[in-house]
Amino acid sequence: MKYFSLIGLALVTSGCATPYQAHTWSGGYKDEKLGENHYRVEYYGNGTTSLEMLKEFWNRRATEVCPNGYDVLTQDNGATDGGIFLGGITSIAHPWLKAEIKCR
């Protein structure tokens, strides 16, 4: 019975979208300073992270990096290759959004 509880807990938690966080094995933000007021901001979701949530989290990080606002210089988004499992509930394709920004 104990093992069934652990398996159930693992299935429930694996279906959750990546929370807003610094990058870990389950996703999150990364940023890199490229020059004076010039940054690359990236956000990686997991198989249950919606595009809207991904954009919201990316924007939140960009605003933390540039509190007085920013201009997007380049932007790209996509997802890692993957498939769907658990009856379509969870995907192993992980969406990402990357952009270079210039702080105002």
Checklist line | Spatially proximal aspartates and glutamates relative to residue 55 (Cα-Cα < 20 Å; intrachain offsets below 8 disregarded) | finding: 31, 32, 42, 64, 71, 76, 81, 100
Note to self: What does the charge count around residue 104 come to, taking other residues whose C-beta lies under 15 Å from its C-beta (Lys +1, Arg +1, Asp -1, Glu -1)?
What the structure shows: -3
Note to self: What does the net charge come to around residue 42 if you take all other residues with beta carbon closer than 15 Å to its beta carbon, with K and R at +1 and D and E at -1?
What the structure shows: +1
Check: Once the other residues with Cβ under 9 Å from the Cβ of residue 32 are scored (Lys, Arg +1; Asp, Glu -1), what is the net sum?
Finding: +1
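Each reported figure results from applying straightforward, stated rules to the coordinates on display, with no laboratory input. What you are looking at is a predicted structure, and each value in this text was computed from that prediction instead of being measured. Glycine gets a Cβ as well: all are built from the backbone with ideal geometry, and neighbour counts include every protein chain shown.
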